[in-house]
Amino acid sequence: EPAALGNARGLDFTPVQPNTRDAVVVPDGYRQAIVIRWGDPLFPDAPEFDFDHQSAAAQARQFGFNCDFAALLPLDTLGRDNLLVTNHEYTSEPFMFRGYDPANPTREQVEIAWAAHGLSVVLVRQGRDGLTPRFSRYNRRITLTTEFEVRGPAAGSEHLRTSADPTGRKVLGTLNNCAGGVTPWGTILSGEENFNQYFANAGTDPRRARYGITPGTTTRKWERFDDRFDLAREPNEVNRFGWVVELDPDDPDSTPVKHTALGRFKHECANVRVARDGRVVAYSGDDERFEYIYKFVSSGRIRRGGSRSARRHNMTLLDDGTLYVARFTGDSPPEEIDGTGKLPRDKAFDGRGEWVPLARGDRSFVPGMTAEEVYVFTRLAGDRVGATKMDRPEDIQTHPHTGTVYCALSNNVDRGKPGKEGATEPNPRVLNKHGQVLELTERGGDPLALRFRWNLLLVCGDPEDPDTYFAGYDKSRVSPISSPDNVAFDRHGNLWISTDSAGALAGLNDGLYAVPVQGPERGHLKLFLTVPRGAETCGPVIGERVVTVCVQHPGELDGASADRPASHWPDGGDAQPRPSVVAVWREGFIGG
Ligand code: FEO
Ligand code: CA
Ligand code: CA
Ligand code: CA
């Protein structure tokens, strides 16, 4: 296509206008359809969803709440049948139950919430109406009662032993699974993010405080119904969450794994790249204000080919390797980074960085900490080596052609507040409401490298505001964007970004954006779709024929609840909102 059109390859759509509609809004010439909603049955014995008569038994056989990450894994070369794997990050009880009393949840409500967390695997078939779920032998629910195997250097650690599991190697369930990744060997990685919120009575232990685990009761009050959520009774249960989880969706009987070698923090995600020598590298962000970016380098090498034994071998790669944390240095004088977002004199927020080793196997590189402590209390290890405090590291993806690494830094409204760190070149704005997108180039393009260069691709916000930057592109032609969260690539190498801004941009709905990162259109950010009021856009999968997104927590606005719904999406009328996966495609392109 001629560059004069202002469209990079694969992005010749007219951007949608920012809006506050209670709908998914797609460009002219595109169609959309719901793929699956909270409560839709995954098995023939599952009941149809009934908002007013939900049960834990039904929920355990239905699609979970608040879908976040999604992967589409083709089962055939035509892409007709695919496995859709999704994370169910968290439950919002006031939106799940009419008349919910937060002071006195019932056991049934709590058990529904346990069953609504975790992951879903469901076969979806591509056809005229987008992607339609089918019952299949692959369909599976992972909930808070599914058994996981703990592997890697902290498996069996004294910090992981509980009265129910004196081995420290078997955990029931996974919590707050946010983003994830598809491994080159076809499994799913899923990050356990804000696990702190489920555990009560932390006492005064500073290691717990460092993870935001607080004294007193929790919002959901699960500790009343199962001692494992009460740290006064089960002090180590909380240490069994905050890991990267791996699931083999091809084998519905497989036991999912928690990989301790990738460290324990509020993992947004983990994404794997293969180095030239076959070792694998996993990048992961710790999504909280002033937290760090990590990478793991395996000791073993990938085995090629799709055999079961190759996959079994590859599923051990994340058990053994070196864990690193990132330290960033800016190349502009500190006085030019004034916190306003104004570009320094070299016209770039950029510089160099290094990966600082934390531990390998039973060997710690952190003074005063054993390897076991580094893996279980990884944030403290990052503190000790002076890792760089970032503005909420969310999803990280590697460009499929160039190998450049992209990280969404969502926002950080605390930067520069009294007692908090001020602006730094990679985090150049104080009271940062809108976030930035970081490009990181490993030395020599080698993911094993311990040095890198970095720069900011986007400094997000309203392009009319002077504190924004769109890779130097003409700001009169780009869409406003706030709080980048998930990142993905299409086959042309364009970067797609979904947002979670909670209305930070003049109350406008969140959306999915696309931006070329190479060529003359680099920085030309365009809004592809918006999601309903109160929702966050998650889990984008940019396929050749169809784009899917997860619409998480529609209607979750201040003052809203099941008694006062702020959204009726997707069912319409006076229906309650339901988190759902949506497919979008160009008219005619998949027969619609
Ligand atoms: Fe669950 Fe970091 O978003
Ligand atoms: Ca600079
Ligand atoms: Ca996220
Ligand atoms: Ca987020």
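It is to be established whether one or more residues within segment 45-64 are at positive phi, in contact (Cβ under 8 Å) with a residue 60 or more places away in the chain and away from ligand 4 (no atom under 16 Å from the Cβ). Step through it out loud before you land on a result.
At the first step, the residues of segment 45-64 found to be at positive phi are none.
Scanning segment 45-64, I find no residue that is at positive phi, in contact (Cβ under 8 Å) with a residue 60 or more places away in the chain and away from ligand 4 (no atom under 16 Å from the Cβ), so the answer is no.
Counting only residues that are of a type in the set (Gly, Ala, Ser) and closer than 28 Å to THR145 by Cβ, segment 251-292 holds 6 of them.
Would you say PHE265 is assigned to a strand (DSSP E or B), within 26 Å of the chain's Cα centre (by Cα) and either among the aromatic types (Phe, Trp, Tyr) or within 27 Å of GLY539 (Cβ to Cβ) (or both)? Reasoning before the result, please.
On the way: assigned to a strand (DSSP E or B): no; within 26 Å of the chain's Cα centre (by Cα): yes; either among the aromatic types (Phe, Trp, Tyr) or within 27 Å of GLY539 (Cβ to Cβ) (or both): yes.
For PHE265, the condition - assigned to a strand (DSSP E or B), within 26 Å of the chain's Cα centre (by Cα) and either among the aromatic types (Phe, Trp, Tyr) or within 27 Å of GLY539 (Cβ to Cβ) (or both) - is not met.
Cβ-Cβ distances below 6 Å connect the following pairs, each with a first residue in segment 330-342 that is closer than 15 Å to VAL459 by Cα and more than 12 Å from ligand 2 (Cβ to nearest atom), a second residue that is among the hydrophobic types (A, V, I, L, M, F, W, C) and at pLDDT 95 or above, and a separation of six or more residues or different chains: GLY339/ALA423; GLY339/VAL430; GLY341/VAL459. Within segment 343-362, the only residue that satisfies the criterion of being out of contact with any strand residue (DSSP E or B) (no Cβ under 9 Å at 6 or more places or on another chain) and more than 16 Å from ligand 2 (Cβ to nearest atom) is ASP362.
Which one of GLY118, GLY99 is under 19 Å from THR187 (Cβ atoms), away from ligand 4 (no atom under 16 Å from the Cβ) and at pLDDT 95 or above? Give the derivation first.
Working: GLY99 fails: under 19 Å from THR187 (Cβ atoms).
Going through GLY118, GLY99 in turn, the sole match is GLY118.
Of (1) part of a strand (DSSP E or B); (2) touching a Gly at 6+ places or on another chain (Cβ under 8 Å); (3) more than 16 Å from ligand 1 (Cβ to nearest atom); (4) touching a residue at least 60 places away in the same chain (Cβ under 8 Å), SER284 satisfies all except one. Which? Only one criterion is unmet by SER284, namely (3). Condition check for ALA583 on (1) under 21 Å from SER410 (Cα atoms); (2) in contact with an Asp or Glu (Cβ under 9 Å, 6 or more places away or on another chain): one failure, at (1). Of all residue pairs spaced 6 or more apart or on separate chains, those with beta-carbon atoms under 6 Å, a first member in segment 390-404 that is within 11 Å of ARG273 (Cβ to Cβ) and a second member that is within 14 Å of ligand 3 (Cβ to nearest atom) are ILE396/ASN271; ILE396/GLY285; ILE396/CYS407; GLN397/ASN271; GLN397/VAL487.
Yes/no per residue for (1) within 16 Å of ligand 4 (Cβ to nearest atom); (2) of a type outside the set (D, E, K, R); (3) touching a strand residue (DSSP E or B) at 6+ places or on another chain (Cβ under 8 Å):
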position: GLU237; (1), (2), (3): no, no, no
position: ARG240; (1), (2), (3): no, no, yes
position: ARG279; (1), (2), (3): no, no, yes
position: SER284; (1), (2), (3): yes, yes, yes
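Can you find even one residue in segment 436-459 that is within 30 Å of PRO333 (Cα to Cα), of a type in the set (Asp, Glu) and in contact with a strand residue (DSSP E or B) (Cβ under 9 Å, 6 or more places away or on another chain)? Yes: one or more hits. Inclusion of ALA566 among residues that are among the small types (Gly, Ala, Ser), surrounded by fewer than 23 Cβ atoms within 10 Å (Cβ to Cβ) and in contact with a Leu (Cβ under 6 Å, 6 or more places away or on another chain) is warranted.
Do you know which residues across segment 25-54 are β-branched (Val, Ile, Thr) and farther than 30 Å from ASP563 by Cβ?
Applying the first criterion (β-branched (Val, Ile, Thr)) to segment 25-54 yields 25-26, 34-36.
Passing the criteria: only VAL26.
Across segment 303-351, the number of residues qualifying as within 24 Å of the chain's Cα centre (by Cα) and of a type in the set (S, T, N, Q) comes to 3.
Here GLY444 meets each of (1) surrounded by fewer than 24 Cβ atoms within 10 Å (Cβ to Cβ); (2) over 23 Å from ARG522 (Cβ atoms) with one exception, condition (2).
Counting only strands (runs of 3 or more DSSP E) that sit completely within segment 443-537, those holding 3 or more residues that are over 20 Å from the mean Cα position of the chain (by Cα) and of a type outside the set (A, V, I, L, M, F, W, C) correspond to 451-459.
A quick yes/no check of all residues on (1) away from ligand 3 (no atom under 16 Å from the Cβ); (2) within 23 Å of the chain's Cα centre (by Cα):
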site	(1), (2)
ARG128	yes, no
ASP165	yes, no
LEU172	yes, yes
CYS178	no, yes
GLU192	no, yes
GLN197	no, yes
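Matching residues to (1) more than 16 Å from ligand 1 (Cβ to nearest atom); (2) aromatic (Phe, Trp, Tyr); (3) exposed (fewer than 15 other Cβ atoms within 10 Å of the Cβ):
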residue: ARG289; (1), (2), (3): no, no, no
residue: GLY306; (1), (2), (3): yes, no, yes
residue: ARG311; (1), (2), (3): yes, no, no
residue: LEU318; (1), (2), (3): yes, no, no
residue: LEU343; (1), (2), (3): yes, no, no
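Could you tell me which residue of segment 126-144 is surrounded by the fewest Cβ atoms within 10 Å (Cβ to Cβ), considering only residues that are part of a strand (DSSP E or B) and of a type in the set (S, T, N, Q)? Explain how you work it out, then say what you get.
As a first pass, look at segment 126-144 and keep what is part of a strand (DSSP E or B): 126-127, 130-134, 140-142.
Now restrict to residues that are of a type in the set (S, T, N, Q): 126, 132.
Numbers: GLN126: 22, THR132: 16.
Checked segment 126-144; the qualifying residue surrounded by the fewest Cβ atoms within 10 Å (Cβ to Cβ) is THR132.
Among the listed residues LEU525, LEU508, LEU512, which satisfies the condition of being at pLDDT 95 or above, buried (at least 19 other Cβ atoms within 10 Å of the Cβ) and within 16 Å of ligand 3 (Cβ to nearest atom)?
None of the others qualify; the one that does is LEU512.
The residue that is farthest from ligand 1 (Cβ to nearest atom), counting only those in segment 363-405 that are among the charged types (D, E, K, R) and surrounded by fewer than 19 Cβ atoms within 10 Å (Cβ to Cβ), is ARG363. Screening PRO184, PRO105, PRO153 for residues that are in contact with a helix residue (DSSP H, G or I) (Cβ under 7 Å, 6 or more places away or on another chain) and under 25 Å from THR322 (Cα atoms) leaves exactly one candidate, PRO153. Being away from ligand 2 (no atom under 16 Å from the Cβ), free of Cβ contacts under 8 Å to residues at least 40 places away in the same chain and at negative phi is a condition met by no residue of segment 518-533.
The values are calculated or read from the model by the stated rules, or taken from the named source; none is laboratory data. Only a predicted model underlies this, so the values are computations on that prediction, with no experimental measurement involved. We place every Cβ from the backbone using ideal geometry, glycine too, and count neighbours over all the protein chains shown.
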